[in-house]
Amino acid sequence: MSRAAGIEQENESQFNLLASKISTFKNVANDINNYAQEDSTTLSNVSNAMSALFENVKTTSSKLGRVVASKPQTFRMVVVGVLGFFIIYTLLKLI
């Protein structure tokens with residue numbers, strides 16, 4: 001009888017160890033799921049922000065196109081001024 005009781009106790013110990021490992025794996029799986037959901041939310045937010053940025057750039061470029069079409073001489077002066085500023089700034093930075 002003592003041998004059967006020893007085997008039963010060993011089986012119970014192994015069962016408890018297995019249950020503990022399964023519980024640990026469940027917790028890890030739940031953590032991975034939570035991180036995946038957070039990442040999905042973050043990616044969705046980034047996607048929405050990029051879509052809004054794209055729309056803003058599209059709107060701004062169409063407005064710039066209208067300004068260039070209506071006053072090309074003024075636009076050329078502004079472009080020359082900005083380029084001149086950057087050239088002078090770059091040259092002074094190198095010195």
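Results, tabulated for the structure shown:
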item: Boolean, Ala36 is small (Gly, Ala, Ser), under 14 Å from the mean Cα position of the chain (by Cα) and assigned to a helix (DSSP H, G or I); result: yes
item: Residue match in the range 1-12 (condition: outside any helix (DSSP H, G or I) and either surrounded by fewer than 10 Cβ atoms within 10 Å (Cβ to Cβ) or in contact with a His (Cβ under 7 Å, 6 or more places away or on another chain) (or both)); result: yes
item: Tally, over the range 62-76, of residues that are surrounded by 11 or more Cβ atoms within 10 Å (Cβ to Cβ) and in a helix (DSSP H, G or I); result: 6
item: Every pair of residues 6+ apart whose Cβ atoms lie under 7 Å, when the first sits in the range 72-87 and is closer than 18 Å to Ser61 by Cβ while the second is part of a helix (DSSP H, G or I); result: Phe75/Val67; Phe75/Val68
item: Boolean, Val79 is surrounded by 10 or more Cβ atoms within 10 Å (Cβ to Cβ), modelled with pLDDT of 95 or more and of a type in the set (A, V, I, L, M); result: no
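The values are calculated or read from the model by the stated rules, or taken from the named source; none is laboratory data. Since this is a predicted model, take the numbers as computed values, not measurements. Positions of Cβ are backbone-derived with ideal geometry, glycine not excepted, and every protein chain shown enters the neighbour counts.
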